[in-house]
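Okay, so here's the structure we're looking at.
Each reported figure results from applying straightforward, stated rules to the coordinates on display, with no laboratory input. In this text, all values refer to a predicted model and were calculated from it rather than measured experimentally. Every residue, glycine as well, gets a Cβ built from its backbone with ideal geometry; the counts of neighbours run over all protein chains shown.
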Amino acid sequence: MSPLPPSGAIDGGIHRLPARVYFEDTDTAGIMYHAKYLHFMERGRTEFLRVVGIDHGAAVKAGVGAYAVTEMQIKWLRPARLDDVLTIETRLLSVRAAACAIAQRITRAGEPLLDATLVAAFLDPAGRPRRQPRYWMARFHELLAQEP
């Protein structure tokens, strides 16, 4: 398998982003601290948007809106350790007018370390739910149609 580009790649509706566990991510035993998984998952979702052609940062700056996680369920299966190379997998589960349901998995050499599902609501600058831009919705529906 060839290396993934810096923003990762989508195949079969699943976005994959490589990441390494650094010393700053671990406790004194070299095990990744549980809250750091949230950081890795956020990077996975951000790069997922970038790869599908959505510039979340530009939308925030322009006052269009921003995603905020409103629900999350996580199951930690095995610990990640210092210097592990992980893959953050992000897959769209469903899309509503003002929210997306997303599944994420973090693996090490194909071995699942974490499974999570979440809801990301699209909010206006005042923090109220807002319809997602039409182009974004169209891209999301294209991705959902690609899944096996």
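Values for this structure:
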| read-out | value |
| --- | --- |
| Farthest toward positive dipole pole in the stretch 9-146 [+1 Lys/Arg, -1 Asp/Glu at C-beta], among Q104, L86, P129 | P129 |
| Convex hull volume of the chain per residue (C-alpha atoms, cubic angstrom) | 120 |
| Inter-part distance where the stretch 98-148 and the stretch 27-58 are each reduced to a Cα centre, Å | 13 |
| Choice from T90, T46, T70 with maximal GNM fluctuation in the chain (Cα, 10 Å cutoff) | T70 |
| The chain: angle of helix 134-146 to the longest principal axis, Cα-based, in degrees nearest 10 | 50 |
| Mean Cβ neighbour count within 10 Å, used as a protection proxy, ranking 100-110, 51-61 highest first | 100-110, 51-61 |
| Derived scalar couplings ³J(HN,Hα) [the stretch 27-43; Karplus, 6.51 cos²θ - 1.76 cosθ + 1.60; whole Hz; x for Gly, Pro] | 8, 5, 8, x, 9, 5, 5, 4, 6, 5, 4, 4, 5, 4, 5, 4, 4 |
| Net charge dipole size for the stretch 28-148 [Lys, Arg +1 and Asp, Glu -1 on Cβ; Debye, nearest 20] | 300 |
